[in-house]
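The values are calculated or read from the model by the stated rules, or taken from the named source; none is laboratory data. This structure is a prediction, so every number in the text was calculated from the model and none was measured. With ideal geometry, Cβ positions are generated from the backbone for all residues, glycine too; neighbour counts draw on all protein chains shown.
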Amino acid sequence: MQGQPPKTVIISGGTDGMGRATALERLARGDHVTVIGSDEAKGRALLDRAANPNLRFVRADLSSTAEVERVVAGIFERHDSVDALALFANRVSAKRRETAEGLEFTFALYYLSRYLLSHRLVPLLDAAPNPVIINVAGVGTTAGRIFWDDPQLTRRYGQVRAQLQAGRANDLLGVAFAGQAGSKARYVLYHPGFTRSGADGHPNPLVRGSIKLLGRFFARPVADAVRPIVEWIGEPPADPLSAIDRGRPVEKSLKTLDPDDAAHLMTYTENLLRGH
């Protein structure tokens, strides 16, 4: 909204696609934006493109819990409050690989980094007048599940299986945060649908080409996909938890938003972090 004081916005996965577009839009509205990404060159290119002293780039490998903790510590050193946290970081891995901490890569980057950023930044979020967390994943999709007997996918890894599991974990993250974190921050789960975003990051050149070709004809423009995010940062929804799938509200009774599963995943995650 016009006339608002500048907001402090943190964006994970903000050097490409939707994260980058969100950063530029909020900068244009006068906000102070910190973008977290793993690619130094892309970060520098964004800084050059924006040419705005209110933009800060932090290079970090968010698949590492230690790196996430380092980023969080830096945010606490620099800011007294955070108005908005927008979570985009994700990358497809064709083969199963582990982080230096022994965690399955997709689970660590796509889900665990978002869990840590959401929960670790609560004191700064609660210090802001109207805070919001926006988790961009696939809410509303019912494909995939949490493999409770093997969440690290040590036995049957597949890139689609890993992506869907982490997506469902992010659904449950929003449910658990809204119900248990004790924060005044509103949590928005957002599925933008097929968007012209992130194709350059796929490791397989054939898949990259196919995504780009499909994107020319079927994908939503990035500007359209990020418009709700930009507005939620300016004016967060009133509900503790909102779930939006391609512009439509998602029923909270959907099986992928089950509170018992959310509590189960939170317990597993806390135990996992204690072990690492």
Of (1) within 14 Å of Gly140 (Cβ to Cβ); (2) modelled with pLDDT of 95 or more; (3) under 16 Å from the mean Cα position of the chain (by Cα), Gly193 satisfies all except one. Which?
(2)
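Right, Val68: part of a strand (DSSP E or B) and hydrophobic (A, V, I, L, M, F, W, C) or not? Before the answer, list the steps.
Numbers: part of a strand (DSSP E or B): no; hydrophobic (A, V, I, L, M, F, W, C): yes.
It is false that Val68 is part of a strand (DSSP E or B) and hydrophobic (A, V, I, L, M, F, W, C).
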Subset of the range 117-139 that is assigned to a strand (DSSP E or B) and aliphatic (A, V, I, L, M) - its residue that is surrounded by the fewest Cβ atoms within 10 Å (Cβ to Cβ)
Val132
Test set (1) over 20 Å from Tyr111 (Cα atoms); (2) at pLDDT below 75; (3) assigned to a loop (DSSP other than H, G, I, E, B) - Arg216 fails condition number
(3)
Can you name the condition, by its number, that Ala181 falls short on among (1) of a type outside the set (Val, Ile, Thr); (2) over 21 Å from Arg20 (Cα atoms); (3) modelled with pLDDT under 95; (4) surrounded by 24 or more Cβ atoms within 10 Å (Cβ to Cβ)?
(4)
Yes or no: the range 57-78 includes at least one residue that is closer than 14 Å to Ile233 by Cβ and among the polar types (S, T, N, Q).
no
Scope the range 1-32; condition over 23 Å from His191 (Cβ atoms) and not in a helix (DSSP H, G or I); matching residues:
Met1, Gln2, Gly3, Gln4, Pro5, Pro6, Lys7, Thr8, Arg29, Gly30, Asp31, His32
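Restricting to the range 93-123, what's the tally of residues that are β-branched (Val, Ile, Thr) and within 14 Å of Val68 (Cα to Cα)?
Residues of the range 93-123 β-branched (Val, Ile, Thr): 99, 106, 122.
Applying the additional criterion that residues be within 14 Å of Val68 (Cα to Cα) yields 99.
Total meeting the criteria: 1.
For every residue, the table says whether it meets (1) under 19 Å from the mean Cα position of the chain (by Cα); (2) crowded, with 16+ Cβ neighbours inside 10 Å; (3) within 25 Å of Ala223 (Cβ to Cβ).
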residue	(1), (2), (3)
Gly14	yes, yes, yes
Gly19	yes, yes, yes
Glu25	yes, yes, yes
Thr34	yes, yes, yes
Asp39	yes, no, yes
Ala50	no, yes, yes
Ala86	yes, yes, yes
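Collect the residues in the range 233-264 that are of a type in the set (Ser, Thr, Tyr) and either in contact (Cβ under 8 Å) with a residue 24 or more places away in the chain or not in a loop (DSSP other than H, G, I, E, B) (or both), keeping them in residue-number order.
Start the filter on the range 233-264 by keeping residues that are of a type in the set (Ser, Thr, Tyr), which leaves 242, 253, 256.
Scanning the range 233-264 gives Ser242, Thr256.
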Of the conditions (1) out of contact with any Asp or Glu (no Cβ under 8 Å at 6 or more places or on another chain); (2) in a helix (DSSP H, G or I), Ile36 satisfies every one except a single condition; which number is it?
(2)
Quick one: in the range 114-137, which of the residues that are in contact (Cβ under 8 Å) with a residue 60 or more places away in the chain and of a type in the set (Gly, Ala, Ser) is farthest from Ile244 (Cα to Cα)?
Ala128
Against the definition (farther than 22 Å from Leu112 by Cα, basic (Lys, Arg) and either modelled with pLDDT of 95 or more or crowded, with 21+ Cβ neighbours inside 10 Å (or both)), how does Arg248 come out, yes or no?
yes
Return the pair list, or none, for Cβ contacts closer than 7 Å from residues in the range 146-174 that are within 30 Å of Pro240 (Cα to Cα) to residues that are aromatic (Phe, Trp, Tyr) and in a loop (DSSP other than H, G, I, E, B), at least 6 apart or on different chains.
Gln165/Phe147
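Matching residues to (1) assigned to a loop (DSSP other than H, G, I, E, B); (2) over 24 Å from Leu103 (Cβ atoms); (3) touching a Pro at 6+ places or on another chain (Cβ under 7 Å):
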residue: Ala41; (1), (2), (3): no, yes, no
residue: Ala73; (1), (2), (3): no, no, no
residue: Asp80; (1), (2), (3): yes, yes, no
residue: Leu85; (1), (2), (3): no, no, no
